[in-house]
Amino acid sequence: MKTLKRCLMLMLVVLMLLSLAAPAFAVEVEPYGVVRRCSKCMTGTVSMYESRSYEGKTRSNCEHGKEGYDVYAIYEVTIRESCDTCDYSSVSKNNERVFQRCEGH
Ligand SMILES: [Zn+2]
Ligand SMILES: [Zn+2]
């Protein structure tokens, strides 16, 4: 009976440690605004910045089972990475479609 109690205590401690560790993991998966170690110089930190600019509108066939079109806004998303120590930097661009309204009827 004594060993069982000790076993339960140990499990409780493990669970407590796990719950303490959880928020740290959540932060690590955050995609932007997080600094990471530079893979080029291995000493500096790389920051990521996201900026978006409005490119215009587009229409495509309604996806709500109606006759007509859906209207989307097009944004050009630019992601910049740069190291604060060496000359490492990279820029990647992609277009993002954001649903605006349904013109189907
Ligand atoms: Zn629609
Ligand atoms: Zn660097």
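Read the figures in this text as sums done on the coordinates, not as results from a lab. All of these numbers come straight from a predicted model, not from anything done at the bench. Here the Cβ is made from the backbone with ideal geometry for all residues, glycine too, and neighbour counts use every protein chain on show.
Observations, loosely collected:
- Between Met42 and Lys93, the contour length at 0.36 nm per residue exceeds the alpha carbon distance by 15.8 nm.
- FRET efficiency estimate (nearest 0.05) - Cβ-Cβ, Lys57 to Glu81, R0 30 angstrom: 0.50
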